[in-house]
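A short worksheet on the structure shown next.
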């Protein structure tokens, strides 16, 4: 079985306080380009990028440019800033996925950062016939019944911007039933998580699932930097390049695999 990380409670206060290290990850990205330009090339199928809470399409620009370079037909969600798991956005996302599938004649891969990953899992549940794979980046896809273990400041911001009762108010809505019950997806799901994440703890960013379809992949770095972390970009390219119907779990190999293991041990 793919299993959730055994961590309990909130992220480390040190990691939360050091989320600004994302600036270092951004600064290192240009130096990583020679390696990233050797990442697997895709088959041109559509990829839909979903931003995190309070993020807009512009926050996904690193992934967008990189995946287009790798040969994918990359689309942003087109719903502006992500201000919470609202029903109107969830329904619009379902229609967006259907449209891309109809327009291209191919199944769509969904890549969601933080809360965008929750939207991605929701969309895959709603229209599984249109979705090829799902990749989440530090997304709270396994929140326990007692509620989120994210830092108090993050929960307070969600209450201020999205709903006075916090994430629970949206997770209890009828359209979120499958998310609440953690029903397994019928297509490949890769949950990327970091032990250094100062926003979403690893037990919430990982899933219990079928190892033939679902996996949890550790990455180094911060939460805020996941969208332009060179290791994350490489893994996303590797996962998207899996031939349709021939998905295999992530297995780093060679010199890059050795470096990956050093960074995540």
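The values are calculated or read from the model by the stated rules, or taken from the named source; none is laboratory data. Please read all numbers here as calculations on a predicted model, not as lab measurements. Glycine also receives a Cβ, built like all others from the backbone with ideal geometry; neighbour counts cover every protein chain displayed.
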Residue 183 meets each of (1) more than 19 Å from residue 155 (Cα to Cα); (2) at pLDDT 95 or above; (3) surrounded by fewer than 24 Cβ atoms within 10 Å (Cβ to Cβ) with one exception, condition (2)
Restricting attention to the stretch 238-265, the residues that are out of contact with any strand residue (DSSP E or B) (no Cβ under 9 Å at 6 or more places or on another chain), in contact (Cβ under 8 Å) with a residue 60 or more places away in the chain and either crowded, with 22+ Cβ neighbours inside 10 Å or not in a helix (DSSP H, G or I) (or both) number exactly 2
Quickly run through the stretch 1-20 and pick out the residues that are part of a helix (DSSP H, G or I) and surrounded by 16 or more Cβ atoms within 10 Å (Cβ to Cβ).
15, 16, 19
Could you tell me which residue of the stretch 112-142 is nearest to residue 184 (Cα to Cα), considering only residues that are in contact with a helix residue (DSSP H, G or I) (Cβ under 7 Å, 6 or more places away or on another chain) and in a loop (DSSP other than H, G, I, E, B)?
141
So how many residues does the stretch 88-111 have that are in a helix (DSSP H, G or I) and within 18 Å of residue 140 (Cβ to Cβ)?
3
Being buried (at least 20 other Cβ atoms within 10 Å of the Cβ) and free of Cβ contacts under 8 Å to residues at least 60 places away in the same chain is the filter here, so list the residues in the stretch 101-122 that pass it.
122
Hits in the stretch 32-59 - residues which are touching a strand residue (DSSP E or B) at 6+ places or on another chain (Cβ under 8 Å) and more than 12 Å from residue 82 (Cβ to Cβ):
44, 45, 46, 47, 48
